[in-house]
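Here, each number is a calculation from the coordinates, and none is a lab measurement. Worth saying up front: this structure is predicted, and the values here are computed from it rather than measured. Here Cβ is always computed from backbone atoms with ideal geometry, including for glycine, and neighbour counts include all displayed protein chains.
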Amino acid sequence: MKNYILLCCLFCWTLGVNQTLVAQQVEWMSFEEAVEKSKIEPRKIFVDIVTEFCHYCKKMDKETFTNQYIAKYLNENFYPVKLDGQHPNDIIYKNKTYSFVRRGGQNSYHELPAKLMNGRLSYPTIVFLDEKQDVIQSIPGYRNELEFELFINYFGENLHKSMPWSSYKRKAGPKGPKQAVPQFNVKSKN
């Protein structure tokens, strides 16, 4: 009996260790899935707009989105979407159909990511949508873990509604000479 109890305890301990060793991953979904889920359970949508040829998109996948805090926060507070800037199929968004525009090679684009990026085709670009699927902010360029945590907390906690980005980044930004806080203009309601 003692051996059985010891074996059960060892099994449970091993299972617990394995659970903590398994990295949290972002649970990516399609844009359409996120919009449908948001209709049932309103939540902000986070969109990572990428392309196959984008080196920095792959770098963010490898270095930023593998951070356990980031993955957990995105999964719990947003519907995370990975959207190809050259998506080949039509997407219906707010009763309008957006299509792929063929221009040859890397110049081709999909109309929906272009709309979400305000016509500025830059990869990667991250976009935050509110619970009504309206764009809060699009942010172009590669973002490391430290910068990205600032963004997801700022928009995830609705701080953009009460505090200008400049105040938030001064207050919450990482300290130290090697940890730069992103310098760009974020639209705020103030």
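For region 26-68 and region 85-118, write down the distance between their C-alpha centroids in whole Å.
16
Evaluate the distance, in nm, between pseudo-label points positioned 7 Å from the Cα of Ala114 and of Glu76 along their respective Cα→Cβ axes.
3.9
Classify region 24-142: rounded, prolate or oblate, from the alpha-carbon gyration tensor (a ≥ b ≥ c, eigenvalue square roots; a/c under 1.5 rounded; otherwise prolate if a/b is larger than b/c)? All intermediate terms of the calculation are to be shown ahead of the outcome.
On the way: a/c = 1.92, a/b = 1.14, b/c = 1.69.
Oblate shape, in that a/c is at least 1.5 and b/c is the bigger or equal ratio.
Antiparallel versus total DSSP beta bridges in region 24-142: what percent is that, nearest 5? Don't skip to the answer; put the middle values down first.
Details: 15 of 23 bridges.
Of the beta bridges lying entirely in region 24-142, close to 65 percent run antiparallel.
Step through the table entries Lys37/Lys82; Lys39/Lys169; Lys62/Lys132; Lys37/Lys169; Lys59/Lys161, compare each Cα-Cα distance with 27 Å, and write down the pairs that go over it.
On the way: Lys37/Lys82 15 Å; Lys39/Lys169 32 Å; Lys62/Lys132 30 Å; Lys37/Lys169 31 Å; Lys59/Lys161 31 Å.
Too far apart for the 27 Å limit: Lys39/Lys169; Lys62/Lys132; Lys37/Lys169; Lys59/Lys161.
On full extension of the chain, what length is gained from Ser162 through Arg102, given 0.36 nm per residue of separation minus the C-alpha to C-alpha distance?
Working: separation 60, 0.36 × 60 = 21.60 nm, distance 4.15 nm.
Result for the pair: 17.4 nm of gain on full extension.
At a Förster radius of 30 Å, what calculated FRET efficiency corresponds to the Cβ-Cβ distance of Thr66 and Val135, to the nearest 0.05?
0.70
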